[in-house]
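**Q** If you scroll down you'll find the structure; I have some questions about it.
The values are calculated or read from the model by the stated rules, or taken from the named source; none is laboratory data. These figures come from a predicted structure and were not determined experimentally. Every residue, glycine as well, gets a Cβ built from its backbone with ideal geometry; the counts of neighbours run over all protein chains shown. Keep in mind that these areas ignore ligands, DNA and RNA; they rest on the heavy atoms of the full protein, side chains included. Shrake-Rupley method; radii C 1.70, N 1.55, O 1.52, S 1.80 Å.
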Amino acid sequence: MIFEFSKADGISGAMAFRTFTDKLLVSWNSIEDKEKKIPVGEGIIRGLNQIADPGLATREFAPRVQMVGSLKNLTAAVYGKGSAEARNADVVWQSRFI
């Protein structure tokens, strides 16, 4: 729904997407059990990777870059900043959105 919203107004759509990913991170960080936290984080990344359709997003460049930045923040939090998994996920986001 956020991607379709971004077609009408790219910057507002990117801001809504940023809010969405920030709330996902807040919810994910509230999980205290490490054994549950890691699979939930990986599930969030996998789910976004499967359902995020960049074809529905705006064609404007700047909002797309902001969306990729939001996704990079999410993957860095889940996998750890600078980890191989985070770098691989970042490449996937960039290749799909830009």
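**Q** Helix-only mean residue ellipticity at 222 nm, the chain, DSSP H runs n ≥ 4 weighted -39,500 (n - 2.57), per residue, nearest 500. What is it? Don't skip to the end; give the middle numbers.
**A** Working: 5 runs with 78 residues, N = 98.
-26500 deg cm²/dmol, from helical runs alone.
**Q** Would you mind working out the magnitude of the charge dipole of the range 8-98 relative to its Cα centre, with +1 at each Lys and Arg C-beta and -1 at each Asp and Glu C-beta, to the nearest 20 Debye? Intermediate results must be reported in sequence, preceding the final value.
**A** Numbers: 12 positive and 10 negative charges, 29 e Å.
Using only the charged Cβ atoms, the result is roughly 140 debye.
**Q** Counting only heavy atoms of the protein chains, get the accessible area per residue of the chain (1.4 Å probe) and round it to a whole Å² value.
**A** Numbers: 5910 Å² over 98 residues.
About 60 Å² of surface per residue is accessible.
**Q** To make sure I understand the rule: partners must be lysines, Cα under 30 Å from the Cα of K7, and not fewer than 8 residues away in the same chain. Which ones qualify?
**A** Cα-Cα hits under 30 Å: K23, K72.
**Q** Just the number, please: carbon plus sulfur as a percent of the accessible area of the chain, 1.4 Å probe, no ligands or DNA/RNA counted.
**A** Details: 3390 of 5910 Å².
Percent of accessible area from carbon and sulfur atoms in the chain: 57.
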